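The structure under discussion appears below in the form of C-alpha cells.
The values are calculated or read from the model by the stated rules, or taken from the named source; none is laboratory data. This structure is a prediction, so every number in the text was calculated from the model and none was measured. Positions of Cβ are backbone-derived with ideal geometry, glycine not excepted, and every protein chain shown enters the neighbour counts. Note: accessible area is taken over every heavy atom of the protein model, side chains too, but ligands, DNA and RNA are not part of it. Shrake-Rupley method; radii C 1.70, N 1.55, O 1.52, S 1.80 Å.
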Amino acid sequence: METGSPHETGTTGANGSTGAAGPAAGGAAEPEWIALPPGLLRMRRFLLVVWLGLITIAAGLVPGLLAGPAWAAFALPPLALAVWGWVMIERNWRSWRYAERADDLLISRGVLWREETVVPYGRMQLVEVTSGPVERHFGLASVQLHTAAAATDATIPGLDPAEAERLRDRLTELGEARSAGL
C-alpha cells in the first residue's frame, strides 16, 4: 500500500515506501505510477448509497408495513452491506494506478488479487475514451485499450476527461510509431 496521499505519483517499493522515479532512485528506471483521481471514488460511493439505500428502504418498509414493525429488521443486512461496501470501494480505488514506460503501458489494480497488465504500444489497435451519463455528471471518463488479443484489452476508469484525451492521443501516437517498425 502506498504511503501518503493516493494522488501522489512515484513508485512503491517492496516494503511499501514511496520513492522517486528514475535512475537516481536506485539504478534502473522505475515507472512513475499515477493514481486515479478522487472523482471515481465519489461516483462509486454515490452509486453504492443510491442502490443499497433503495434496497434498504424496500427491505425494511415493505415487510414493516405488511407484517409488522419487527419485520423492518430486514433493512439491517443491506445497511451493513452498504457500510462494508463504503470501505471496500475506497480500498479498490486506492489499488488502481497506471504508468507510461518507453515501450508499454502498465495498469495495476486489485486488493486481494493484484493484477498488473502490460500493454505494448506496438500491439494497440484502438484506444477509445468513453463517458456514460453518471461518469459525465462526475466529470470522469474511461480509457479503453484494444489489442489484437481480446484477453489483453485493458481499461483505466475514472480519469479526468482532459487526462483521458491526452492519454488517448499519446497512446495512439506511440502505437502508430511502434507498429510502423514491425
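A compact table of results
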item	result
Shape category assigned to the stretch 109-180 from the gyration tensor of Cα positions, a/c cut at 1.5	oblate
Leu81-Asp160 FRET efficiency (beta carbon distance; Förster radius 30 Å; 0.05 resolution)	0.50
Carbon and sulfur %, accessible surface of the stretch 60-162 computed with the full protein complex present, 1.4 Å	65
Label point 7 Å beyond Cα of Arg170 along Cβ direction - residues of the stretch 65-104 with amide nitrogen under 19 Å	96-104
For the stretch 64-134: accessible area per residue (Å², 1.4 Å)	63
Label-to-label distance, nm, for residues given as Ile57 and Arg94 (7 Å Cα→Cβ offset)	3.2
Spin-label pair Val134/Leu65, simplified geometry with 7 Å Cα→Cβ offset, distance in nm	2.6
Calculated FRET value between Val50 and Arg178, using beta carbons and R₀ = 45 Å, to 0.05	0.60
